Structure formats: C-alpha cells, structure tokens
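Data block below; observations after.
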C-alpha cells in the first residue's frame, strides 16, 4: 500500500464562514485515502496560518517537506488547492518538484471531483487552479484592508505585508536568477524599513541595529547599484549542510534545486552570493518583526 501525508489548514475566519473546519477536512481526506488504497502515515494540521505564506515557511509546511525529503510518502493529499497554496508560483514550484520526484498531489474536492497530478489531466488542471488561487487571495486582501478602505490588488500597507512580498520576490529570484529578479528582491527587502518607520511602533535602538547590520548595508549597496549588475558563475557546491535553516527549509528543497553551480553578483569588484545573503536577510527581518511584535492588522 502506497503511503500518503494529509495536510489540513484553516484560519478562524474560514472556519466560521466557509465550513472548512479541520475535523471536516480530516474526515474527507480519510475517506478519500481509504477509497484510493493509500495508507496515511501522518496528518499535518495548521490553524490560523495564512495560505499566502509560502508552504516552506509554515511550521506544518516544513514538516510536510521534511517527510517528502525523507521519502516517507509518495502522495500529498489536501481538500483543495487553497489549503496548500494561495500563491501561483509557490504552487507550481512545489507541484513540479513533487512530480519530478514521483510524488503525486491529490486534491479531494474540486467542484465535487478529485484531482490527481500524476495524471496528464491533473497536471493541466493544477496549472489553471494555481492562477485562480492567487487571484482569490488578492481579492480577499482587497476586501480586508484596514479601516475598510477599497484598494487595488497588491496594495502594501504594513511592514508585514512588505516582508511577505520580499519572501515572494526571494522565491522568484531562486527560480529565475538574473539581475532583474536580484534587484527586485533586494529593493523590496530594503524598503521594509520604510514601512517599519512609518508604522512608528518599533524600538529606535532595534532600527539602528538593523541599519548597522552588514547584510542590511549590503542590501542597500545592491539597491544603489540599480540594475548595473553582473552575474558570475562559480564552482559547483552543495547546500546539504543547511538542512533545517528557515529559508533553506529542508533537505528536499535544498538538494532538489540548489545543488549545482553557484552564482555570484559582481558589483564594484565585490563578489556576493545573493541566495545566501537573501536567506540571512529574510531571517533577520523575520526576527526583527517578531521581536518588535510587528503583525498584520
């Protein structure tokens, strides 16, 4: 019998308004796995976690990726695509990786039907649904901005919003490393500080400490260089030693995507490993926002 991991996620608002409680999801998934002859090795639950947050940056998401990296399961089962992802790029990034590793994604309730990405029809449908998932999240953000103000899609209003945008830009940079994606990520990461200062709740000593941080200063340096940057291909390297790091995330992600030639940014004679710098910078921002209790409204 092939093994499966079930993933459940809900926010308090969704549970109240959409009837997708954790118990209801678990019941659906258990019935599906029994029907398909899949053995459930673990059921991962996440409550109060936004689907807009990349899977690899959620506690339950990290556990899911860890199990897959250890080859403990060949199937991932969720009620709907939006339980796992609300971001199209994050969805396709993981779905393609799982497909390459021989791992099937099962969506139990898609308009009353189930989807299995190990089939050709499932792969096509997944690509379409990922786009709709992101659109749905953007619409939700528009409806729930502070003070009930209407706004265009992608409006950024808090430091945490800007941080989540930086996380998305980092994923884009990893998937397609070029001077444009590098510049876009570091500009976003640097300007989180503008939102921190505008909010006015962070400790001034903490702000000064961040300004003096070498990684943050290098981030500003890259921003100031604009797009007059060059990439240099280095020697092959392995990131095996980074297992468990927040933005390396798991052995599965690291080994599947990041082994191979490393690329360095050349700027005024300096050779910068932008992926490593980006990971450190995001970790420092996450620590900063947590320490300063900078949360979404």
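Summary table
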item	result
Enumerated helices (runs of 4 or more DSSP H) restricted to segment 173-226, each holding at least 1 residues that are crowded, with 16+ Cβ neighbours inside 10 Å and free of Cβ contacts under 8 Å to residues at least 60 places away in the same chain	179-190, 192-199, 214-224
Residue in segment 73-81 that is closer than 18 Å to residue 22 by Cα, in a helix (DSSP H, G or I) and modelled with pLDDT of 95 or more present	no
Boolean, residue 72 is touching a residue at least 40 places away in the same chain (Cβ under 8 Å), in the same structural domain as residue 114 (by TED's automatic domain parsing) and loosely packed, with under 15 Cβ neighbours inside 10 Å	yes
Output for segment 82-103, where each listed residue is buried (at least 23 other Cβ atoms within 10 Å of the Cβ) and not in a helix (DSSP H, G or I)	85, 86
Every residue from segment 106-117 that is buried (at least 20 other Cβ atoms within 10 Å of the Cβ) and touching a helix residue (DSSP H, G or I) at 6+ places or on another chain (Cβ under 6 Å)	107, 108, 115, 117
Single residue of 166, 140 found to be modelled with pLDDT of 80 or more, part of a helix (DSSP H, G or I) and within 27 Å of residue 92 (Cβ to Cβ)	166
Condition check for residue 28: out of contact with any strand residue (DSSP E or B) (no Cβ under 6 Å at 6 or more places or on another chain), buried (at least 17 other Cβ atoms within 10 Å of the Cβ) and within 18 Å of residue 115 (Cα to Cα)	no
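Yes or no, residue by residue, for (1) more than 17 Å from residue 122 (Cβ to Cβ); (2) within 17 Å of the chain's Cα centre (by Cα):
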| residue | (1), (2) |
| --- | --- |
| 9 | yes, yes |
| 21 | yes, no |
| 27 | yes, no |
| 46 | yes, yes |
| 56 | yes, yes |
| 92 | no, yes |
| 95 | no, yes |
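The values are calculated or read from the model by the stated rules, or taken from the named source; none is laboratory data. Nothing here was measured: the structure is a model prediction, and the numbers come from that model. Because the Cβ atoms are built from the backbone with ideal geometry, glycine has one as well, and the counts that use them run over all protein chains shown.
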